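*Asks:* Before I ask anything, let me first share the structure, which is written out below as structure tokens.
The values are calculated or read from the model by the stated rules, or taken from the named source; none is laboratory data. Given the structure is predicted, the values throughout are model-derived calculations rather than measurements. Every residue, glycine among them, receives a Cβ derived from its backbone with ideal geometry; neighbour counts consider all protein chains shown.
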């Protein structure tokens, strides 16, 4: 069981123009390679059997006869190969020639699809030989003594897979056929192509394939002619590309002198859920297609795909400056709108020396810079409690002083002790009451200070804490504007690292990043942090991974466990991951009541847990089927 993953391939065969017999050997060899690698479906370039550049020889009877003989040989030689192959050839139908794709499996032809858009300008002149198949629907054609469904209305299905085929220029058209295929359920699109090389075209081609996979919410597998095609007037470099929902998973090196085969594992289950979760997809028109069933294909036994262990964090280091600036601007302008609308001059923020309050302070400071306001109108308050260490407190103070904000120091231990007395709590009992009294005392100070200063309390809790409910209800759970509510812990670290470019605070940032995450609510020993959050609830990098796949793709717990085990390799063993995944599921369900009344805050990435926008869930939903599925 591979949780909806299927392996696909794009093949580029070494070609001899107008020599189908020679090309057949390469096709069979590549198809056998694909089968040996457990590939379900492989696509070949346009006009695979003859070569794309045969030109007026397409009008010669002998070439067409030899093409058909070669196809018969391929079918006979691949009867025991269950990998589906999509091959390009010329079809003669009602005294017209069609540039077509045929779909074969186990020695049988499942269907044939004609090309719709025929390029006929500059170096291309396909209308000289071929006719558009745009109007061919509900037809059959005889190909080497097999009656085969023929038309642009064909889709091919097996279990979760539903795929369609288009040919080269079809993708470049204003309305590619793949749009209708995808709207009608196709989650894989294959393209047989012959795209020549000119300066800059390869980059455009890859972008076109990648963006089409995003717009169709599908995988897009593309194969373009390469070595052996005629270079009389153009050069074909061979370009194989496999993309999934806007990401390129694999592509070949161009200008190879030998045949090539690239493979990638596609998450069909994920694609299908994304469509359910995206309202725009369901608004698409469903057109009438004939569905051709194909047989069982090879099953993959191991996943050959990179699973990002930090899906919230940009994978390309070169994008860091741009992404961080974007995140900071979203936060800053969200805050600017809230403050200007409410006619509020001051921001009130509790600063602890931890990651979350550091980012909230830095982004608030950026907002004040943009507005041209005095940074002294940012009132940062440190509120030392029973567990506060000198390390975190000193970092908070130094950061505030360097940024030039108004710093106030308040010790909450006396307030907490008085509350213990009022409610009859023994201060030696280090229970949740002991911790929450401190959290609520801090929130009370911030809220009351905001009233006195006509200020806005900036919430510092992040998306990861919101998902886990790792906050005190009506304590740090509450604020006037939750600035970090759209940013998970792994991304907060990433953005804070960006601020190291400011030499004045880089040494402070380094130490904050190196400090263990802690609420610092329990007494410490020898001024060192003893209460470490990740020892209690688990590593945030795991929880962020769980959150991403649970919310964005609706993945089952067992699939999340499978993906996490693959992503984190030797860092965490499977049992450890499973333990923390159970913790995540339990906390996510039981802590929904906190999310149901969380304050406003800006959405930053694709995932938000705001009850007014992205996530609506009853506070008493039963958890059992998720725990049972994991076990």
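*Asks:* Write out, first by first residue and then by second, each pair whose Cβ atoms fall under 7 Å of each other, whose residues are 6+ apart or on separate chains, and whose first residue, in segment 602-631, is without any contact (Cβ under 8 Å) to a residue 24 or more places away in the chain while the second is surrounded by 14 or more Cβ atoms within 10 Å (Cβ to Cβ) and in a helix (DSSP H, G or I).
*Replies:* 611/595
*Asks:* On to the next question. Which residue out of 301, 230 is part of a loop (DSSP other than H, G, I, E, B), within 28 Å of residue 32 (Cα to Cα), touching a residue at least 60 places away in the same chain (Cβ under 8 Å) and assigned by TED's automatic domain parsing to the domain that holds residue 192?
*Replies:* 230
*Asks:* Check 563, 581 and return the single one that is over 26 Å from residue 471 (Cβ atoms), surrounded by 16 or more Cβ atoms within 10 Å (Cβ to Cβ) and touching a helix residue (DSSP H, G or I) at 6+ places or on another chain (Cβ under 7 Å).
*Replies:* Only one candidate passes the filter, namely 563.
*Asks:* Same structure again: Only one of these is part of a helix (DSSP H, G or I) and buried (at least 22 other Cβ atoms within 10 Å of the Cβ): 494, 548, 498. Name it.
*Replies:* Selected residue: 548, the only one of 494, 548, 498 that is part of a helix (DSSP H, G or I) and buried (at least 22 other Cβ atoms within 10 Å of the Cβ).
*Asks:* Do you know which residues across segment 209-225 are over 20 Å from residue 237 (Cβ atoms) and not in a helix (DSSP H, G or I)?
*Replies:* If the condition is that a residue be over 20 Å from residue 237 (Cβ atoms) and not in a helix (DSSP H, G or I), then 216, 217, 218, 219 are the ones that fit.
*Asks:* Determine if segment 277-289 includes at least one residue that is outside any helix (DSSP H, G or I), free of Cβ contacts under 8 Å to residues at least 60 places away in the same chain and not assigned by TED's automatic domain parsing to the domain that holds residue 501.
*Replies:* There is at least one residue in segment 277-289 that is outside any helix (DSSP H, G or I), free of Cβ contacts under 8 Å to residues at least 60 places away in the same chain and not assigned by TED's automatic domain parsing to the domain that holds residue 501.
*Asks:* Out of (1) crowded, with 17+ Cβ neighbours inside 10 Å; (2) farther than 19 Å from residue 39 by Cβ, the odd one out for residue 243 is which?
*Replies:* Unmet for residue 243, out of (1) crowded, with 17+ Cβ neighbours inside 10 Å; (2) farther than 19 Å from residue 39 by Cβ: (2).
*Asks:* Something else now. Take residue 121 and tell me if it is part of a loop (DSSP other than H, G, I, E, B) and under 26 Å from residue 281 (Cβ atoms).
*Replies:* No.
*Asks:* Here's something else I'd like to know. Assigned by TED's automatic domain parsing to the domain that holds residue 31, under 20 Å from residue 179 (Cβ atoms), touching a strand residue (DSSP E or B) at 6+ places or on another chain (Cβ under 8 Å) and surrounded by fewer than 24 Cβ atoms within 10 Å (Cβ to Cβ): which single residue out of 210, 215 fits that description?
*Replies:* 210
*Asks:* Sticking with this one: Of the residues in segment 420-444, how many are touching a helix residue (DSSP H, G or I) at 6+ places or on another chain (Cβ under 6 Å), part of a helix (DSSP H, G or I) and either in contact (Cβ under 8 Å) with a residue 40 or more places away in the chain or surrounded by fewer than 19 Cβ atoms within 10 Å (Cβ to Cβ) (or both)?
*Replies:* Qualifying residue count for the region: 2.
*Asks:* Here's a follow-up. Could you list, in sequence order, the residues of segment 75-104 that are surrounded by fewer than 24 Cβ atoms within 10 Å (Cβ to Cβ), touching a helix residue (DSSP H, G or I) at 6+ places or on another chain (Cβ under 8 Å) and either outside the structural domain of residue 17 (by TED's automatic domain parsing) or not in a strand (DSSP E or B) (or both)?
*Replies:* Within segment 75-104, 77, 78, 81, 82 qualify.
*Asks:* While we're here: Go over the candidates 199, 189 one by one and state the one that is in the same structural domain as residue 89 (by TED's automatic domain parsing), surrounded by fewer than 24 Cβ atoms within 10 Å (Cβ to Cβ), modelled with pLDDT of 95 or more and at negative phi.
*Replies:* 199 is the lone residue from the list that is in the same structural domain as residue 89 (by TED's automatic domain parsing), surrounded by fewer than 24 Cβ atoms within 10 Å (Cβ to Cβ), modelled with pLDDT of 95 or more and at negative phi.
*Asks:* Could you tell me whether any residue of segment 543-551 is within 14 Å of residue 462 (Cβ to Cβ) and touching a strand residue (DSSP E or B) at 6+ places or on another chain (Cβ under 8 Å)?
*Replies:* There is no residue in segment 543-551 that is within 14 Å of residue 462 (Cβ to Cβ) and touching a strand residue (DSSP E or B) at 6+ places or on another chain (Cβ under 8 Å).
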